[in-house]
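Read-outs throughout are calculated quantities, based only on the coordinates presented, and are distinct from any laboratory measurement. Please read these numbers as outputs of a predicted model, since none were measured by experiment. So basically every Cβ, Gly included, is an ideal-geometry build from the backbone, and we count neighbours across all protein chains shown.
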Amino acid sequence: MSDPKPGHIAQWIVEDERIVQEEFQPLENIISGVIKDRIPSFSLEKCAEIAETNVADVYDILTLKKEEYADQGIEPVFEVHVDGEEKHYKKIRSSAKSLLESLKLLDCTDFEHFCACLLKRIGSDARTVGRTGDQEIDFWAKNVPIGHIKERAEASSINLFVFGQAKRYSKGKLVAEKDVRSFIGGAIKKGSDYMRECSKAGILSPIIYAFWTTSDFEPSARKYCADIGIRYLNGLALSQLATRAGFAPTNVQYYINEYKNQPVTA
């Protein structure tokens, strides 16, 4: 088996739930340990040698990953720093990681309900489409609050719409650029149909197109979303948003069931 590349090692470290220390640890030791866990056939000596060779590159990749998190609206789940010549790493405790594991256990339909439920929890009138032929729209909302406005959007004469796609993907399956292109191609047409049915919608009412997943996005998909203005959230970012809205791993299904039992308003 060939030696793992620095990019793979960095991703393994971020994903590894067995790294539980909340104090800074030598990054070289963490690299060696995670390689041994992933490739048990490698000797301890070989893992240590790979760690020593790649520690600088892994540190640089982790630093870039933190910057990418910031660009995607994700709160960091780790820290890195240099002390002299030694590089260090530590985990940041996050309830959102546990919430994400709960979301991955939902079926696709309940994940769509969760997305609508989340928009409703932050003050929107939200619903799922719930039928075939939805032109790639799984959930949509109106009267969506903007920023830190506490009042409902309609009270401030703002009628912001959200049209979204929900992808409950298993670990390792990423959203591709073609998935995003397929979504936006149908959502623009179908979204305009929904707006015509809404009495408070105007031709200049603001719209957000959202693509939410339990997984992550391929680099080209992230770039495409950023280029055309789709509000995309990967699993961690979505879980962090839900945590701020009051969701917890123990109450996700409760809120989904509560949402499904509510009457649909016009």
Which one, Thr243, Thr63, Gly7, projects farthest toward the positive side of the charge dipole computed for the chain from Cβ point charges (K/R +1, D/E -1)? Thr243
So if I place +1 on the C-beta of Lys and Arg and -1 on the C-beta of Asp and Glu, and nothing else carries charge, what would the dipole magnitude of region 96-260 be about its Cα centre? I want it in debye, nearest 20. 160 debye
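If you filter region 181-258 for trypsin sites (Lys or Arg not before Pro), then keep DSSP loop positions with at most 16 other Cβ within 10 Å, what is left? Each step should come with its number before you reach the end.
Details: sites: Arg181, Lys189, Lys190, Arg196, Lys200, Arg222, Lys223, Arg231, Arg244; in loops: Lys200.
When the trypsin sites (Lys or Arg not before Pro) of region 181-258 are filtered for loop state and at most 16 Cβ neighbours within 10 Å, Lys200 remain.
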Charge dipole of the chain built from unit charges on the beta carbon (Lys, Arg +1; Asp, Glu -1), centred at mean Cα; most positive-end Cα among Cys115, Cys47, Val77 is Cys115
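What's the FRET efficiency of Arg196 with Gln262 using the Cβ-Cβ distance as r and R₀ = 30 Å, to the nearest 0.05?
The pair Arg196/Gln262 has a calculated efficiency of 0.80.
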Distance in nm between Asp60 and Glu101 label points, each 7 Å along Cα→Cβ, equals 3.4 nm
How long is the chain along each principal axis, judged by its Cα atoms, biggest number first, in Å? 69, 34, 33
Got a sec? Charge dipole of region 96-260, +1 on Cβ for Lys and Arg, -1 for Asp and Glu; which of Leu204, Phe183, Ala96 is way out at the positive end? Ala96
If I model a spin label at Gln25 and Thr53 as a point 7 Å from the Cα along the Cα→Cβ vector, what separation in nanometres do I get? 2.3 nm
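What's the FRET efficiency of Glu45 with Ile188 using the Cβ-Cβ distance as r and R₀ = 51 Å, to the nearest 0.05? Show your work: numbers first, answer last.
Details: r = 57 Å, r/R0 = 1.12.
Efficiency, from the Cβ-Cβ distance: 0.35.
By counting other Cβ atoms within 10 Å of each Cβ, how are Ser95, Ser170, Ser239 ranked from fewest to most? Intermediate values should be presented prior to the final figure.
Details: Ser95 13, Ser170 8, Ser239 27.
The most exposed by this proxy come first: Ser170, Ser95, Ser239.
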Sites Asp71 and Cys108 - FRET efficiency at Förster radius 25 Å, r taken between beta-carbons, to 0.05: 0.35
Descending packing, highest mean Cβ count within 10 Å first, for 84-92, 59-67, 211-219 is 211-219, 59-67, 84-92
Taking the simple approach of a point 7 Å from Cα along Cα-to-Cβ for both Ser170 and Ile122, what is their distance in nm? 3.0 nm
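Multiply the residue gap between Ser220 and Ser2 by 0.36 nm, knock off their C-alpha separation, and tell me the result in nm, one decimal place.
Values: separation 218, 0.36 × 218 = 78.48 nm, distance 2.68 nm.
Extending this stretch completely gives an extra 75.8 nm.
Could you work out the relative contact order of the chain, using alpha carbon pairs under 8 angstrom and six or more residues apart, expressed as a whole percent? Let's see the in-between values first.
Values: 398 pairs, mean separation 45.9, N = 266.
Computed value for the chain: 17 percent relative contact order.
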